[in-house]
Amino acid sequence: MKPINEYRIDALDLSELEKFFLNNGKEIRLKRNDFLLRQGERCRFVGYLQQGICRHLHDNSRGEEQIVGFSPQHHFVSDYAACLCGQPAQISIQAVKETLVFVLPYEQLETFWNSSEKHQCMGRMVAEQLFVMTYRRLIDRYCQTPEERYLSFLQHYPELKEELPLREIASFIGVTPETVSKIRKRILLGRRP
């Protein structure tokens, strides 16, 4: 089974897109726990994280907050589905630590995609990779053990292990903090379930 968040978007050459954001985007500095977007707001932007990390949160109907993703440094951040559909955001985006993000209106990104055949191809490849990432995360959520999801989290976000409280890691991988503690203990002792 493939690990959480393993996708090939990192293999794409997005340097031209990154430059576009850095040259044309509005610079926003977030302090730890500041929000870039709140669930329910209209999301008509895409951002590029020059530095920092953001968590993606969803408040369910019972008022429980669930961490559903992260955007690390040098990645893009948005509620992309809300942008595409013109609907209220399904997630909140919050800085884990001091973060610098360059934000563009979605319409400006669309103009970039449509400006050349090369950019259209890049846009299609980004969309395909976002689909692959989402599909794999869905499959992993149903098919991987909690320990496999934890190990995958560590592989993809090694810097977050020290920056996040246990409850946030547990929320992201869909278990209780006690389960994460047990998994860590088993790993330290070299045992497998």
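Scanning the range 107-160 for residues that are among the aromatic types (F, W, Y), assigned to a helix (DSSP H, G or I) and under 18 Å from the mean Cα position of the chain (by Cα) yields F131, Y135, Y150, F153. Which ones in the range 158-172 are in contact (Cβ under 8 Å) with a residue 60 or more places away in the chain and surrounded by 15 or more Cβ atoms within 10 Å (Cβ to Cβ)? Hits for the range 158-172 are L160, L164, E168, S171, F172. Answer yes or no as to whether L37 is under 18 Å from M122 (Cα atoms) and surrounded by 15 or more Cβ atoms within 10 Å (Cβ to Cβ). The answer is no for L37. A count restricted to the range 43-58 and to residues that are over 16 Å from the mean Cα position of the chain (by Cα) and either of a type in the set (D, E) or modelled with pLDDT of 95 or more (or both) stands at 0.
For beta carbons closer than 9 Å, sequence separation of 6+ or different chains, a first residue in the range 31-46 that is in contact (Cβ under 8 Å) with a residue 60 or more places away in the chain and at positive phi and a second that is surrounded by fewer than 22 Cβ atoms within 10 Å (Cβ to Cβ) and not in a loop (DSSP other than H, G, I, E, B), the qualifying pairs are N33/Q94. Of all the criteria given as (1) farther than 19 Å from Q66 by Cα; (2) out of contact with any Lys or Arg (no Cβ under 9 Å at 6 or more places or on another chain); (3) exposed (fewer than 13 other Cβ atoms within 10 Å of the Cβ), the one not satisfied by K185 is (2).
Sort out which residues of the range 70-105 are modelled with pLDDT under 95 and of a type in the set (F, W, Y), and write them in order of number. Hits for the range 70-105 are F70, F76, Y80. Filtering the range 14-33 down to residues that are surrounded by 12 or more Cβ atoms within 10 Å (Cβ to Cβ) and part of a loop (DSSP other than H, G, I, E, B), which residue is farthest from the chain's Cα centre (by Cα)? The qualifying residue farthest from the chain's Cα centre (by Cα) is G25. Scanning the range 161-179 for residues that are assigned to a helix (DSSP H, G or I), within 19 Å of L57 (Cα to Cα) and at pLDDT 85 or above yields a count of 9. One residue stands out in the range 62-91 among those that are among the polar types (S, T, N, Q) and under 19 Å from E168 (Cα atoms): the one that is surrounded by the fewest Cβ atoms within 10 Å (Cβ to Cβ), namely Q66. The residue pairs whose first member lies in the range 68-82 and is under 14 Å from Q94 (Cα atoms), whose second member is of a type in the set (G, A, S), and whose beta carbons are closer than 8 Å, counting only pairs six or more residues apart or on different chains, are Q73/G52; F76/G47; V77/G47; V77/S71; S78/G47; D79/A89.
The values are calculated or read from the model by the stated rules, or taken from the named source; none is laboratory data. It should be emphasised that the depicted structure is a prediction, and the values quoted were computed from it without experimental measurement. Note: ideal-geometry Cβ built from the backbone for every residue, glycine included; neighbour counts use all protein chains shown.
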